[in-house]
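All remarks here apply to the structure that follows.
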Amino acid sequence: MNPSPTYVGLPIPVAANLTDTKYFFQALDNFSRVMAIRPGDRVLMLADPLLDPRVIDAVIGVAKSRGAEVRVYMEPSTQVTAVPEEVHAMLKKATFVVSTWFCSILDPLCINLRRAGQRWVKITYFRNLDLLHTPQARFPVDLIGEIIRGTAARYPAEGGFDLRFTDPRGSDFRISFTQEMRANQLATNRWRGQMTAEEDGCYVHYLPTHGPNLWDHNSVKNDFKAVVPMAGVLYPQWAVGFAKPFEEKIAVRFEGDTISAVEGTSEEAVILREMLVGGRMIEGGGCGFNPKAPRHTVYPAGSNAPGALHFGIDLAQPSDYIRRVMPDWEEPPVHMDLITLDATVTAGGNTLIKDGFLCALRDPAVVALAARYGDPVELLEAQVL
């Protein structure tokens, strides 16, 4: 039977003039709260030429309304792997930083300045002001924080444990945690569910979609020389820079944190083998936490829907494939994100994610908080595909 206006099984979308204004002001309130600029702050924006200038103006507007000063410094692209020497003095003077640069989280200078109290907002996911009109922009930031805290509570509080990633394709990858590693990992402001840049030393994302990584080098206090026991195999469904999910089941094998082999015969497997072998895991399960983030949008750094995971790999050498297909990517051609959308993740005997569903979405505390904002089932489980 051909579709016809006579057969309607779903409601007609509500007219935009009845919803857009209220939705927009919800998003503006989130933006204003995340950009927690204080009177007298010295704000520095680390920008790039492809950033929507209206985003810069929005930050300047908030700063001016609060009696703060703003400086803007622009590099030729976001793919900055270390803070340029000529920026050091400006960065050290700043009290509040808004950045598009890749090195923001990794550069030792940035890490040390945050330890001294500097506040940071990373805007990888806010490169166009029109994003304020999206469902993920207006999703309550406090509710995202509660979802993150519910996930953190599933890490065992006693003894060592394995963080284990499995999926229907046969992935089985494990990272061994000590209690010291657990304490370090969960002590970060992002794992505490702090979504706004209020606290001294904070590092938050805006749009508030990309949550904390299930494992990263925060677990060893950013000692990139520390050896963290991990090994296994991942069968990613997708990767940034590929137009669609993989049809072949491609195996990515690890010895420790280093990729030892990529198995497969498809064109995608050949590309990944050339790119990944010798690369090092730096993000073991970057997890999405915003229920309104589109699940199947994996650019620029993986899906940010709850339970979707990306595995960040630092490559042994720059990838010509990335240079060809993503010359203006927000990350440099020495990095790659592998994607899984259906993983099960356990921490010891506790389940964090089941078949791609983030278990904390049904925690009583999360559901109770969601009820303040609307229907909890719609807010938490009606995801955008």
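Just so it is clear, none of the values below were taken in a lab; they were calculated from the coordinates. Only a predicted model underlies this, so the values are computations on that prediction, with no experimental measurement involved. Virtual Cβ from ideal backbone geometry, glycine too; neighbours counted across all protein chains shown.
Within straight-line reach of K22, meaning a Cα separation under 25 Å, sit the following lysines at least 8 residues removed in sequence or on another chain: K64, K292. Amide hydrogen proximity for E283: with H placed 1.01 Å from N in the peptide plane, the residues at 5 or more positions away or on another chain lying under 5 Å are G312.
Calculated from the structure at hand, mean projected area of the Cα convex hull in nm² is found among (1) 19.6; (2) 21.0; (3) 24.4 as (2). Taking the number of Cβ atoms within 10 Å of each Cβ as an exposure proxy, the fewest-first ranking of L207, L361, L28 is L28, L361, L207. Segment V277..D355, full-extension length gain: 25.3 nm, with 0.36 nm per residue of separation and the alpha-carbon distance subtracted. For the options R138, R115, R149, a Gaussian network treatment of the chain with springs between C-alpha atoms closer than 10 Å singles out R115 as fluctuating the most. Note on A365 and I12: the extension gain reaches 123.8 nm, defined as 0.36 nm multiplied by sequence separation minus the Cα-Cα distance. Remark: spin-label model distance T178-K93 equals 4.3 nm, labels positioned 7 Å along the Cα→Cβ axis.
Under the rule of -39500 (n - 2.57) per DSSP H run of 4 or more residues, summed and divided by the residues of the chain, what mean residue ellipticity at 222 nm is obtained, to the nearest 500 deg cm²/dmol?
Details: 11 runs with 99 residues, N = 385.
Roughly -7500 deg cm²/dmol at 222 nm, from the helical runs in the chain.
For the pair H133 and D29, the difference between a 0.36 nm per residue extended length and the Cα-Cα distance amounts to 36.2 nm.
Result for the chain in a Gaussian network model with C-alpha springs under 10 Å: among M275, M195, M74, the largest mean-square fluctuation is at M74.
In this calculation the C-beta distance from V72 to K249 is compared with R0 = 41 Å, giving a FRET efficiency of 0.30.
Given the options Y23, Y206, Y155, state which has the largest fluctuation in a GNM of the chain using a 10 Å cut-off (strictly under) for Cα springs. Among Y23, Y206, Y155, the largest GNM mean-square fluctuation belongs to Y23. Computed over the alpha-carbon pairs of region 16-133, the distance histogram in 10 Å steps reads 13, 45, 32, 9, 2, 0 percent, short to long.
Here the chain carries DSSP beta bridges of which approximately 70% are antiparallel, counting only pairs with both residues inside. Peptides 316-325, 226-235 ranked from most to least packed, by the mean per-residue count of other Cβ atoms within 10 Å: 226-235, 316-325.
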